[in-house]
Amino acid sequence: MSTSEFDKYKVDHLFLLIGENPLPNYVAANLLLKEGGTAYLVHTTDTEKSAKRLKTELNGFKDVEMRSLGNYESDAFHIQKKIREELEKIKSGKIGLNYTGGTKAMAVHGYKAAFENRPDAIFSYLDPRRLELCIDREDRERDRPKIQPSTLQVKLVKIFQLHGLELKKDPVKIPQLPALASSFASIFEDESKSKKWFDWFYNIFCEEARKKKKNGSWGDWKSKTNLEKVVIVLNDLLPDFITSFKNENFLKDENKLVLLAAKTTDAFSEVESFCKWLDGLWLEHYVLEQVQNIASSCFIGDYGLNFEIPLIGTKDGFEFDVAFTRGYQLFALSCTTTSDRKLCKSKLFEAYLRARRMGGDEARVALICCSNEPDTLKAEIADSTNDDKIQVFGREHLTNLSQEIADWIAQNDREASK
């Protein structure tokens, strides 16, 4: 963590107005609070849980105190009274107020009370569009120091913890069968070849590897014992795929796919995991490798795949396919091998809602899919969300995906600098 350029704005006592998303408060505390300083979490009844989670994550290296406004989140008198009372207790040290979170009334009246009592205080907020820390002044233009990715690195797991969410298991950091995934991506750029893959997979592979439901549709994978016995003749599969399997030593007698061979790799402990990989997870692992390839050059601090998060009241919870952070900014990548427009929009919209909830207005979302019309798909989603920063990568982008993602990041940086 390198926050030296923010040293002149650091304070001994930092008041943080707490909203539903505690991430901006976490960032502000790390940038603005001196070592040994005290953070005062000014919350309402509705945001008490957010404040408590933030306190848990800040404790250990910061002194944190809770200050409740009760249900007076819009009451000028009570907001100003509370801030004044707390300021009167502080006899020494530099004071700061960060009003990124909380209600508009809390920001307006909190500022008024603090400025009247301590006009030398440091007043600040995070600008999510420019990724800047804005230091407000009454007598001149505000200072706008840029929060570079290297300024403060926030891990993905930390973002989830700030929202009170615990992962079902550790996210995947190393892509499975990257060479095979890369060859699949190259083949899938040809729509006719991808269609032939799906025909083979659902009509031949699933016949051997899946159970059938009463209505004739495919159900769960067969038992571990049965899957380990499966050997599929590849006469009806395109030579491109056969060559790819051969390069991974998955074939017997040149044209027979042996599922048990998957367990001889470091990638899978169970054959069923390989079946799921073939059923579309290969794209997520391919995307993970593309992110991994540009992590250093694009200042990506943390990345991973398969962020499974349980949610009360739901059977499966929700999942980010691939995600990474640059500094404290969250990037979520939703992946699907389909070209179906309705399914693509559904995947992207769900990822958009989750990412904005977790990462705030700073979060960026992209869909990696096999659509032949990514631009029109992007336009439809951007229109319905009123957010033109959403990105869609289609079939044409698959083989050059690392560069496409890097260009997307660079475009976001340019827009933040306007």
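Observations on the structure shown:
- Matching entry among Lys342, Lys418, Lys347, Lys389 (being surrounded by fewer than 20 Cβ atoms within 10 Å (Cβ to Cβ) and farther than 30 Å from Gly101 by Cα): Lys342
- Among the residues of this structure, Lys246 does not count as one that is charged (D, E, K, R) and either touching a Gly at 6+ places or on another chain (Cβ under 6 Å) or in the same structural domain as Pro310 (by TED's automatic domain parsing) (or both).
- The strands (runs of 3 or more DSSP E) located wholly in region 1-86 that include 1 or more residues which are surrounded by fewer than 15 Cβ atoms within 10 Å (Cβ to Cβ) and either among the hydroxyl-bearing types (Ser, Thr, Tyr) or touching a strand residue (DSSP E or B) at 6+ places or on another chain (Cβ under 7 Å) (or both) occupy 63-68.
- Filtered by the rule that a residue be surrounded by fewer than 22 Cβ atoms within 10 Å (Cβ to Cβ) and of a type in the set (Val, Ile, Thr), region 250-299 gives Val258, Thr264, Thr265, Ile294.
- Checking Glu350 against (1) free of Cβ contacts under 8 Å to residues at least 60 places away in the same chain; (2) acidic (Asp, Glu); (3) over 20 Å from Ile159 (Cα atoms), the condition it does not meet: (3)
- Single condition Phe160 does not satisfy, out of (1) in contact with a Phe, Trp or Tyr (Cβ under 9 Å, 6 or more places away or on another chain); (2) part of a helix (DSSP H, G or I); (3) modelled with pLDDT of 95 or more: (3)
- Residue that is surrounded by the fewest Cβ atoms within 10 Å (Cβ to Cβ) [pool: residues in region 122-141 that are over 21 Å from Asp413 (Cβ atoms) and of a type in the set (Lys, Arg)]: Arg140
- Within region 366-418, tally of residues that are part of a helix (DSSP H, G or I) and charged (D, E, K, R): 11
The values are calculated or read from the model by the stated rules, or taken from the named source; none is laboratory data. Nothing here was measured: the structure is a model prediction, and the numbers come from that model. Here the Cβ is made from the backbone with ideal geometry for all residues, glycine too, and neighbour counts use every protein chain on show.
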